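What follows is a short report on a single structure.
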Amino acid sequence: MSQPARFALRPLALATSLFCLGAPMVYAAESPSNQEAARSYRIAAGSLVSVLNSFAEQSGIFIAGHNNLAAGKTSPGMNGSYTPAAGLQRLLQGSGLQALPQGNNGYVLEQVPANTGALELAATTISGQDLGATTEDTRSYTTGSMASATGLPLSMRETPQSVTVITRQQMDDQGSNSIADTLRRAPGVSVQNYDSERWEFSSRGLPITNFQYDGVNSTYDGVYDYGTTSTDMAVYDHLEIIKGSAGLLSGSGDPSATVNLIRKKPTKAFKASVTQTFGSWDNYRTEGDISGPLTESGNVRGRFVGVYQDRQSYLDHYQNTKDIAYGILEADLTPDTLLTFGIDQQDTRSRGASWTGFPMFFSDGSRTNFSRSFNPAADWSRRDFQNQTLFASVQQKLANDWSLKVSLDRKRSQHDTLLASASGGNPDPVSGENMYMFMGKYKGDQVQNTLDVNLSGPFSLLGREHELIMGFMATRSKQDVPVYGSIYPPVGGSIFDWHGEYAKPDIARSGQNDIVQRQTGAYIATRLKPTDDLSVILGTRVSTFSSTDNTDFYDPTKADNRTTYRQSGVVTPYAGIVYDLNDTWSVYTSYTQIYRPQNSKDADRKLLDPIEGDTYEAGLKAAFYDGRLNASFAAFRIEQDNVAEYVSGFETDSVYRPIAGATTKGFEAELSGEVLDGWNVSAGYTYQHTRDANNGYVYSSVLQTTTPQQVVRLFSSYRLPGALENVTVGGGVNWQSEFFGNVFQPNPNDTVNFGQYARITQDSYYLVDLMARYRFNEHLSTTLNVKNLFDKKYYTGLGNFGTGFYGEPRSLQLATKWDF
């Protein structure tokens, strides 16, 4: 290791006499003496000063310059094999700097003059040099950096947990416009329907209840939903799915997975697009996206995304409309201070919205056989959601490459629900009579305020450089829920003649329900580097949880309900180890605890104790082709107590009991990224085995189903070479093993119990998707998606109040995009 390099860079002798070009990437000329001197590097993203320090020490080069312009800049880091000049090019991308060779392994940093005509490349090709925390315009199925697991910016290989990333390119290729459409094709995730408006997402055999937006936790209500599972994906750059527990940053949550939705950010250069989509069942969608600098210097940048969608469905008399508006501003108040402010508004309205599905058994105990188009909902039945999020943050760069970030987030979610479904009872197999309606009126207004403050940066210990993040989070959620209730009148005719026509009920308000939930937590995590090949990530969180759930009834003869919960000093430890076997392969292991308060109540209307347990994981990871292709294998074990199991009742009056000793164990393998030039792939296989202490099945608390033990997800796209380079083709297969639900089966000969619960099994099945895109020129392209190519008929929901729900038949979607 050369002493000149060490001397030149440690005192921050890095930057330049330059003025900013603002190009996305600037190429440095390569010295002939260094053209063959390529070697492998792994340098994490960070401040330009510290990144260049590391590169100079490892490469043995000398970099001369001044400190003032390098300070405050960042670098994406590098992972792969580079010559010195190519490495500097990578590290300086987006900085407006260039490294000029001076001979004898020396370089000088200078600003690229505006009149040099330096080569500018938009990030439109996949390369390890292009991948960072943003996936838009990279054409990639993977990412270069993420922070959802620990708060530290790490690559997928450096994260000691199984991670799935669904990029903007993958969503566009798959034609996924909703979160349900995106997650049902995500490796390791299975999706089931409650009804036409609500979905349950599961990972590792357990429901996913942790949803974050740019890392900010969101309260999830599995009963009312508040539109979480109807989220539109137009405003998001990518999804990060952290498998297993993520209590270090979230405080509470199921050990299934945490889904972090990362919003699109303003771009430094102007860009805009309009996309018009047409699909099966009169699906019409228009989407606009405009972004770029708002001042001549580019220190203020903005972006706006708008969507209007009007669609019908394979279900009779169903209609859904969406209005999406998203705006975000970024302002460089100083070279070291970034202010971000934005608003995200998503409104969804449905008519013909079902409450549960169709009956599974006739009154004589035989199976029903309704068509997939059968909709038990009344034509006016509705679930309307309004979600508005205001978010703001200030990020301040401090001395010695430290950074302070303060984030504020206010999310208001409203739902207005008036439901009617001809789903109750079991019809006569001949006349179709004896059915009754599920009818109910529900409203809710939830406001969640969240504050997150964190401080992060490098520190030195025992001659090595390490990383640290520490922070404080406080969130308060209040639900204002008028109580109306439910009624169950007879259908009044044959279910075989049902067309959704039924008089609207007048359901009087009967009370008021107020729910307040609070959580505070202080957390700290560090990434220690005892050696170049070993990373030890240690963290802990200390949390306080409290909630009140008060229901006041107008009827003086009906007892009001009061439940409270408070727990302070809850410690959630986290530990992970990553060891690099070589430049490509790493082994890892991690451990964290589970703690999640729950709203489920027993027969005495008392809250069940919090879910507690442990999560263990170990695996193997690899990053090929400079990080363009990521592979992983993980084995996991999850141990939980007090898991809620449904007993009886309807919606908020349901009764649950706790399950002791629920254990999930299994393994998963995943591959994502670019296999060959232009060939992208996302593939995963998951096996999980979930049982209680008595080796019995653990059912979903609402759907009363198991989850499939095996899930295979595969999607691939290929941009054709040569004369056909404007053509991209692709396809995918989604396979899952059997799952089953408990559904009441009538028995006319049983005069005591009138029947018993029977197991209905959905056999294993696979769905095939196809896509093709043609780019007419640099502005215009068209993408065709065919989903469920072979028109497979299958259940995607079983057991929700004894009913079933079919998955979507074959559909076509054509999206035409104009890029300005």
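Assorted remarks:
- Calculated from backbone phi, Karplus (6.51, -1.76, 1.60) coupling profile of segment 373-389 in Hz, x at Gly/Pro: 7, 5, 10, x, 6, 5, 5, 9, 4, 9, 9, 10, 10, 10, 10, 10, 10
- Residue-span extension gain [residue 560 to residue 282] - 0.36 nm each, minus C-alpha spacing: 95.4 nm
- Taking 0.36 nm per residue of separation and subtracting the Cα-Cα distance, full extension of the segment from residue 751 to residue 780 would add 3.6 nm.
- Working note: Karplus 6.51/-1.76/1.60 with θ = phi - 60° gives segment 751-758 the couplings 7, 9, 9, 6, x, 7, 6, 10 Hz, where Gly and Pro are set to x.
- Exceedance of the 21 Å cut-off in Cα-Cα distance is limited, within the set 73/397; 73/405; 264/529; 792/817; 271/787, to 264/529; 792/817; 271/787.
- Table column - 3J(HN,Hα) (Hz), segment 715-729, Karplus curve with 6.51, -1.76, 1.60, x for Gly and Pro: 8, 9, 9, 9, 8, 5, x, x, 5, 9, 5, 7, 10, 10, 10
- Peptide packing for 368-380, 712-724, 551-563 was compared via the average number of neighbouring C-beta atoms within 10 Å per residue; ordered from the highest value, the list is 368-380, 712-724, 551-563.
- Computing FRET efficiency as 1/(1 + (r/R0)^6) for residue 395 and residue 304, where r is the C-beta to C-beta distance and R0 is 22 Å, gives about 0.50.
- Reachable lysines from residue 504, criterion Cα separation under 18 angstrom, eight or more residues apart if same chain: 441, 443
- When you restrict to C-alpha pairs under 8 Å that are six or more residues apart and normalise by the size of the chain, the relative contact order lands at 10 percent.
- Mean sequence separation of contacting Cα pairs (under 8 Å, at least six apart), scaled by the length of segment 325-374, corresponds to a relative contact order of 24 percent.
- Here the calculated FRET efficiency for residue 323 and residue 603, from their Cβ-Cβ distance with R0 = 41 Å, stands at 0.45, rounded to the nearest 0.05.
- Anisotropy class of segment 386-431 from Cα gyration tensor, a/c 1.5 cut: prolate
- Within the straight-line cut-off of under 14 Å between alpha carbons, the aspartates and glutamates reachable from residue 243 are 254, 614, 617, 668, 670, sequence neighbours fewer than 8 places apart in one chain being disregarded.
- Take 382-388, 297-303 and order them by the average number of nearby Cβ atoms within 10 Å per residue, most first; the result is 382-388, 297-303.
- Shape call, segment 643-745: gyration tensor on alpha carbons, a/c limit 1.5: prolate
- Reach of residue 606 by Cα under 18 Å, taken over lysines that are not fewer than 8 positions away in the same chain: 558
- Charge dipole (debye, nearest 20) of the chain; +1 at Cβ of Lys and Arg, -1 at Cβ of Asp and Glu: 880 debye
- Sorting 688-694, 801-807 by average packing, meaning the other beta carbons within 10 Å per residue, from highest down gives 801-807, 688-694.
- Were the residues from residue 676 through residue 501 laid out at 0.36 nm apart, the gain over their Cα-Cα distance would be 57.4 nm.
- Judged by the ratio a/c of the largest to the smallest principal axis of the C-alpha gyration tensor, segment 157-298 counts as oblate, that ratio being 1.5 or greater while a/b is no larger than b/c.
- FRET efficiency estimate (nearest 0.05) - Cβ-Cβ, residue 542 to residue 772, R0 45 angstrom: 0.30
- About its Cα centre, the dipole of segment 312-359 is roughly 440 debye, where the only charges are +1 on Lys and Arg Cβ and -1 on Asp and Glu Cβ.
- Take the Cα of residue 297, step 7 Å toward its Cβ, do the same at residue 725, and the gap between the two points is 3.9 nm.
- Estimated inter-spin distance, residue 40 and residue 694, nm [label 7 Å along Cα→Cβ]: 5.3 nm
- Pair residue 657, residue 364: separation of 7 Å Cα→Cβ label points (nm): 3.5 nm
Readers should treat all values here as calculations from the given coordinates under stated rules, not as data from a laboratory. These figures come from a predicted structure and were not determined experimentally. So basically every Cβ, Gly included, is an ideal-geometry build from the backbone, and we count neighbours across all protein chains shown.
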